[in-house]
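Q: Could you have a look at this structure, given as structure tokens, before my questions?
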Amino acid sequence: INAEYGVNSMRGHRKVTRRLSINPGDEIATQRTKREFVQLGGHAGHFNIAGPGSLWKKQEKEEDYNVEVRVLKELNESSIRSYVPDYLGCKEHEGIKWIGMEDLMCHFQDGCGMDIKMGTRTFKESEVKNQNLREDLYNKMIKQDPNEPTPAEREAGAITKLRYMTFREKESSSETLGFRIEAFRIWNQSTSNNYKTLKHLDQVKNVLKCYFNPLSKAGIGGFIAELENVKCLLEESTFFKEHEFIGTSLLFIYDKERVGVWMIDFGKTTSISHLVEGGQVSHTKKWELGNYEDGYLFGLQNLIQILKDIFDEREEDDKNVHQHTTLRVN
């Protein structure tokens, strides 16, 4: 039992078999199955149920496909394996490549999910090294904020991709908090996903309160315990230190009995061991072009602190309230 947050841990125990079976000869489902898959983030149609406890994820870019398969395989064999979906294989269907993985929602009864994009930037360094001025990106920027361009940029009527991408991060909480809320869904409500422009701590905290509102105080404590364990494992992981984790998310799920957190979306995870002095990044330092820092741990620490504040503000659970357990796999 985690005494500080009053949550029972079921580490190493799970009701659903970890290694889920997928028939390689099965057609990829293009229609919703009886248990409709709940997608929180990303492009619609990029996920399909692949069988009991499993799903297919579509990767249209060859590079992202190869990267995600490699990273999932490596993380499945690492100390972080409890916090990533099982990798179950891959296949090509009608010219499109799909990755088979564990359906994390299958461990919950009518689970409430939340997708949080981690890090202070959501673009790879390789995407912004081209210094060509682009009129289309300038037009995108002034559409979002007419007052943003400098006098020189107004005169040129164009900006670099680096300028646009850093501007875009400032429009959310990514730069200031190291994470942003992508979407969440709770009982009896449709998916809420209009949070990418929330910048300030109080705004983000209020949205998190909405997601955690149906959950007991003990359940919130369970999430804190999960995140602190993730942080410890990442700080000790050589793989984590030698990669920039770009565009990855933390997936939160709870139901009336359990809570759980997983790391997902690894298509832009890049090895940087040959690109920086010492071969590693801290994931906490401020990003500058060329240092490959992503702010993942900076964001994770901020997220943990906000959840602790929410926990402290909640009244104690009634003695009849169910005490949630964390769902964790070894």
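Q: Any lysines with Cα under 30 Å of the Lys256 Cα? List them, leaving off those in the same chain fewer than 8 positions away.
A: Hits, sequence-local ones excluded: Lys15, Lys34, Lys57, Lys117, Lys196, Lys205, Lys209, Lys217, Lys231, Lys308, Lys319.
Q: What does the extension gain come out to for Asp312 and Lys61, with contour length at 0.36 nm per residue minus their alpha carbon separation?
A: So the extension gain works out to 86.0 nm.
Q: How high is the relative contact order of segment 55-102, given as a whole-number percent (alpha carbon pairs under 8 Å, six or more residues apart)?
A: 47
Q: While we're on this one: Could you work out how far apart the two model spin labels at Cys106 and Asn206 are, taking each label as a point 7 Å from the Cα in the direction of the beta carbon, and quote it in nm?
A: 4.0
Q: Quick check: the distance between the Cα centres of segment 154-182 and segment 80-111, to the nearest angstrom?
A: Each part's Cα centre sits 31 Å from the other's.
Q: Something else: Would you mind telling me the share, in percent, of accessible area of segment 246-299 contributed by carbon and sulfur at probe 1.4 angstrom?
A: Its accessible area is 52 percent carbon and sulfur atoms.
Q: Enumerate the calculated ³J(HN,Hα) couplings along segment 104-119 in order (Karplus 6.51 cos²θ - 1.76 cosθ + 1.60, θ = phi - 60°), each rounded to whole Hz, writing x wherever the residue is Gly or Pro.
A: Here the 3J(HN,Hα) series is 5, 5, 5, 8, 10, 9, 6, x, 9, x, 9, 10, 10, 7, 9, x Hz.
Q: Provide the per residue accessible area, probe 1.4 Å, for segment 40-143, rounded to a whole number of square angstrom.
A: 44
Q: Using θ = phi - 60° and the Karplus curve 6.51 cos²θ - 1.76 cosθ + 1.60, what whole-Hz ³J(HN,Hα) does each residue of segment 65-79 get, with Gly and Pro shown as x?
A: Taking θ as phi minus 60°, the curve returns 4, 4, 5, 5, 4, 4, 5, 4, 4, 5, 5, 5, 10, 10, 5 Hz for segment 65-79.
Q: Kindly write out, for segment 277-289 in residue order, the coupling ³J(HN,Hα) from the Karplus curve 6.51 cos²θ - 1.76 cosθ + 1.60 (θ = phi - 60°), rounded to whole Hz, with x marking Gly and Pro.
A: Once θ is set to phi - 60°, the couplings for segment 277-289 become 5, x, x, 9, 10, 8, 6, 10, 6, 5, 7, 10, 4 Hz.
Q: Additional query: Would you mind computing the Rg to Rh ratio of segment 90-193 from its alpha-carbon coordinates, Kirkwood style for Rh?
A: 1.12
Q: Now for a separate question. Suppose R0 equals 45 Å; then what is the FRET efficiency for Glu92 and Val276 from their Cβ-Cβ distance, rounded to the nearest 0.05?
A: 0.80
Q: Out of the GluC sites (Glu not before Pro) in segment 85-183, which ones are loop residues according to DSSP with at most 14 other C-beta atoms within 10 Å?
A: Listed in order of number, the matching sites are Glu94.
Q: Report, by chain and number, residues whose modeled amide H sits under 5 Å from the one on Arg258, excluding near sequence neighbours (fewer than 5 apart, same chain).
A: The list, which skips near neighbours in sequence, is Thr325.
Q: With no solvent and one equal point scatterer placed on each C-alpha of segment 55-109, evaluate the Debye formula and give log10 I(q)/I(0) for q = 0.17, 0.24, 0.26, 0.31 Å⁻¹, two decimals.
A: -0.55, -0.95, -1.04, -1.23
Q: Then there is this: Does a label point 7 Å from the Cα of Lys285, set along Cα-to-beta-carbon, have any residues of segment 217-246 with amide nitrogen under 16 Å, and which are they?
A: Those under the cut-off are 241-245.
The values are calculated or read from the model by the stated rules, or taken from the named source; none is laboratory data. Since the model is a prediction, treat every value here as computed from it, not as a measurement. Methodologically, a virtual Cβ is constructed for each residue, glycine included, from the backbone with ideal geometry; neighbour enumeration extends over all protein chains shown. Heavy atoms of the whole protein, side chains included, go into the accessibility calculation; ligands, DNA and RNA do not. Shrake-Rupley method; radii C 1.70, N 1.55, O 1.52, S 1.80 Å.
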